[in-house]
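Asks: Pasting a structure below so you can have a look.
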There are 2 protein chains.
Amino acid sequence: MLQSALEAARAGAATGGIPIGSALFIDGRLVATGHNRRVQDASVIHHAEMNCLENAGRLPAADYARATLVTTLSPCDMCTGAALLYGIPRVIVGENRTFVGGEDLLRSRGVEVTVLDDPECVELMTAFIAAHPALWAEDIGEDESDRP
Amino acid sequence: MLQSALEAARAGAATGGIPIGSALFIDGRLVATGHNRRVQDASVIHHAEMNCLENAGRLPAADYARATLVTTLSPCDMCTGAALLYGIPRVIVGENRTFVGGEDLLRSRGVEVTVLDDPECVELMTAFIAAHPALWAEDIGEDESDRP
């Protein structure tokens, strides 16, 4: 399932964006993918997971209850909150070496979180952060000057 | 400041939407407003607060650090997470009688949360929920049949 999210991340990178991708599966079937659109749409809410959920459209609670949200990077507070809002029971994370989001909060609310530590996900983010530190800081709500 | 959020809520209701509005202030100056757009745009991520943040556009962390996010209704997990992501230090809530979101999480992360218990906000939501229980359940990730 990570491959669908990785393809979305690469597609985001190919259009000059932040290389984070996401995919939503219900009963093992791919429903939607999405990627970060901060650069492409000047969006502050279309992180990969949010864009994926938006692309999936309006779904009944019973569908979310059978869903798995896959993301190439550990979900930030916003994306964590979206998964909680919709009661998505499983989140698969490509990697959390370059950023750790709300994994503990997800687990505390009963969400099954699996971290794959995928080398390609790590490489995508490592290269991006090195090349665009200010953009990355902006995307996670930080001031670049505060970063080590 | 609540009046700006209330006007946005009324504007959302006037176009057939869920009557929740939000406003973002920086240094006491109104930067943006927004309202829930589930009905208007078939959006699952444009809750009022999210729509407001999106309308405010890309801002540096230093701007969010001086901001106040106003919402007519207690913020759900997703909107709570968005406020945390961007480090918004103050959230003003019109009412939390009809729904209680992530107020405790916000406070635990150092956000100042003020609940106004405004009668018009309560009336807007009470009337809406009575008229559209399934739509409301969908917006907060619930199954209507599970509601009391």
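The values are calculated or read from the model by the stated rules, or taken from the named source; none is laboratory data. Because the structure is predicted, anything quoted here is derived from the model rather than measured. Cβ atoms come from the backbone with ideal geometry, glycine included; neighbour counts cover every protein chain shown. The accessibility values were calculated without ligands, DNA or RNA, using every heavy atom of the protein model including side chains. Shrake-Rupley method; radii C 1.70, N 1.55, O 1.52, S 1.80 Å.
Asks: Share of antiparallel DSSP beta bridges in the stretch A:1-140, in percent to the nearest 5?
Replies: Percent antiparallel among DSSP bridges in the stretch A:1-140 is about 55.
Asks: Just add up the charged neighbours of residue B:33: K/R +1, D/E -1, any other residue whose Cβ is under 14 Å from the Cβ of residue B:33.
Replies: Within the 14 Å Cβ shell, the charges total 0.
Asks: Taking every DSSP beta bridge that has both residues in the protein assembly as shown, what percent is antiparallel when rounded to the nearest 5?
Replies: The antiparallel fraction comes to roughly 55 percent.
Asks: Let's see if you can work this out: charge +1 on each Lys and Arg Cβ, -1 on each Asp and Glu Cβ, no other charges. What is the dipole magnitude of chain B about its Cα centre, in debye to the nearest 20?
Replies: 500
Asks: Right, something else. With a Cα-only, solvent-free Debye model of the stretch B:1-43, what are the log10 I(q)/I(0) values at q = 0.14, 0.29 Å⁻¹?
Replies: The Debye formula, applied to the Cα set alone, gives -0.30, -0.89.
Asks: Projected onto the charge dipole of chain A (+1 at Lys/Arg Cβ, -1 at Asp/Glu Cβ, origin at the Cα centre), which of A:110, A:75, A:135 gives the Cα projection farthest towards the positive end?
Replies: A:110
Asks: Please report the relative contact order for the stretch A:1-140, taking Cα pairs under 8 Å with a sequence separation of at least 6, and give it as a percent rounded to a whole number.
Replies: Dividing the mean separation by the residue count of the stretch A:1-140 yields 19 percent.
Asks: Next up: Answer rounded, prolate or oblate for the protein assembly as shown, using the Cα gyration tensor with square roots of eigenvalues a ≥ b ≥ c: rounded when a/c is under 1.5, else prolate when a/b is larger than b/c, else oblate.
Replies: Here the protein assembly as shown falls in the oblate category.
Asks: Which residue fluctuates most in the GNM of chain A (Cα springs below 10 Å): A:23, A:82, A:67?
Replies: Checking each option, the largest mean-square fluctuation is seen for A:82.
Asks: Sort shortest first the distances from residue A:127 to its counterpart in every other copy, using label points 7 Å along the Cα-to-beta-carbon line, and give them in nm.
Replies: 5.6
Asks: Is it possible to state the helix-based mean residue ellipticity at 222 nm for chain B, with each DSSP H run of 4+ residues giving -39500 (n - 2.57), the sum divided by total residues, to the nearest 500 deg cm²/dmol? What is it? Display every interim value, and only then the final one.
Replies: Details: 8 runs with 65 residues, N = 148.
Theoretical 222 nm ellipticity from helices: -12000 deg cm²/dmol.
Asks: What figure, in Å² to the nearest 10, do you get for the accessible area of residue A:91 with a 1.4 Å probe and non-protein molecules left out?
Replies: Approximately 0 Å² of residue A:91 is accessible to the 1.4 Å probe.
Asks: If you find the alpha carbon centre of the stretch B:31-66 and of the stretch A:4-24, how far apart are they in angstrom?
Replies: 23
Asks: Give, in whole angstrom and from largest to smallest, the semi-axes √(5λ) of the equivalent ellipsoid of the stretch B:1-140, with λ running over the eigenvalues of the Cα gyration tensor. Provide the component values of the computation, followed by the final result.
Replies: Details: eigenvalues 99, 48, 37 Å².
For the stretch B:1-140, the semi-axes come out at 22, 15, 14 Å.
Asks: Cut-off 10 angstrom, C-alpha nodes, Gaussian network model of chain A. Which of A:68, A:33, A:114 fluctuates the most?
Replies: For chain A, modelled as a Gaussian network with Cα springs under 10 Å, the answer is A:114.
Asks: Okay, moving on. Note the distances from residue A:57 to each other copy's matching label point, with points 7 Å along the Cα-to-beta-carbon direction, in nm, sorted shortest first.
Replies: 3.3
Asks: Also, quick follow-up: Most mobile of B:22, B:108, B:74 per a Gaussian network model of chain B (Cα springs, under 10 Å)?
Replies: B:108
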